[in-house]
Structure formats: structure tokens, C-alpha cells
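Undergrad: Before we start, here is the structure in question, set down as C-alpha cells.
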Amino acid sequence: MSSAQHKKVIESHVAAVCAHNIDEVMSYYDPNCEVSLDGPVVMRSKDEIKKKTEKWLSDPNYKIEIVDFLPVEGDDRDLAIIRLDSTSLGDLGIQYMADGLRNNT
């Protein structure tokens with residue numbers, strides 16, 4: 001998948017999160033995926049990701065936005081800076097790799 005395709009996948013995933021569409025959000029994850037933040041794995045299954053995501057999406061004010069895309073070596077993945085925003089979380093900047101997402105378009 002090219003860098004431009006990865007960016008479209010990230011944008012679609014973010015739109016699904018902002019629409020609070022849990023089924024669409026989860027459709028982007030491989031059944032055996034893991035989520036890591038700055039190295040350590042923090043979620044080890046799609047079920048764990050769904051549980052955490054459902055908790056976040058239970059807040060009607062929860063949304064995320066893409067702040068920027070950053071270059072990464074090669075053309076096979078992209079790095080996006082995402083801002084989380086809700087009354088329960090405040091604002092938090094995270095880095096998000098697209099190579100774990102499937103293209104649903």
C-alpha cells in the first residue's frame with residue numbers, strides 16, 4: 001500500500017471514530033493485532049482494543065483529529081499525529097502508525 005493509500009485509511013478510521021461507529025472502527029483491525037504506544041504493547045487483541053474503544057466512545061464528546069502526517073522511511077507506512085479530545089481525557093497527542101490497519105475502501 002502506498003503512502004497516499006495509508007493516509008486515506010487513517011482518515012477513514014478517524015472519521016469512523018468521530019462518528020462513534022464501533023463496528024466500522026473495529027473493521028480496520030486484524031483479528032491478531034496488537035497496539036503499542038512508544039514501544040510497549042498496551043493491547044494484545046482485537047477484543048482488548050474493542051473494549052477500550054467502546055469505553056472511549058461511550059463519552060458523547062469523544063473525538064479525535066489528525067494534526068499532521070510525518071514522513072517515515074520508505075513508502076509502505078505513515079505516521080500521523082492524532083489529538084484525542086473529550087471531557088474525560090482532555091487533549092493528548094499520540095503517534096499512530098497506519099501499517100496495522102487494513103484498507104476498507
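The values are calculated or read from the model by the stated rules, or taken from the named source; none is laboratory data. Since this is a predicted model, take the numbers as computed values, not measurements. Please note: Cβ atoms are built from the backbone with ideal geometry, for glycine as well, and neighbour counts cover all protein chains shown. Note: areas computed on protein heavy atoms with side chains; ligands, DNA, RNA excluded. Shrake-Rupley method; radii C 1.70, N 1.55, O 1.52, S 1.80 Å.
Undergrad: Going through the stretch 3-33 one residue at a time, which ones are part of a loop (DSSP other than H, G, I, E, B) and in contact (Cβ under 8 Å) with a residue 24 or more places away in the chain?
TA: In the first step, residues of the stretch 3-33 are kept if they are part of a loop (DSSP other than H, G, I, E, B); the result is 19-21, 27-28, 30-33.
Residues satisfying the conditions are His20, Ser27, Tyr28, Asp30, Cys33.
Undergrad: Which one is modelled with the lowest pLDDT among residues in the stretch 31-59 that are in contact with a strand residue (DSSP E or B) (Cβ under 9 Å, 6 or more places away or on another chain) and open to solvent by 90 Å² or more (accessible area, probe 1.4 Å)? Working first, answer last.
TA: From the stretch 31-59, those in contact with a strand residue (DSSP E or B) (Cβ under 9 Å, 6 or more places away or on another chain) are 33-38, 41-44, 46, 48-52, 56, 59; that's our starting set.
Those still in the list that are open to solvent by 90 Å² or more (accessible area, probe 1.4 Å) too: 34, 38, 44, 51.
On the way: Glu34: 78, Asp38: 63, Arg44: 85, Lys51: 92.
Out of the qualifying residues, it is Asp38.
Undergrad: May I ask you to list the residues in the stretch 1-21 that are within 22 Å of Ser58 (Cβ to Cβ) and open to solvent by 40 Å² or more (accessible area, probe 1.4 Å)?
TA: Ala15, Cys18, Ala19, His20, Asn21
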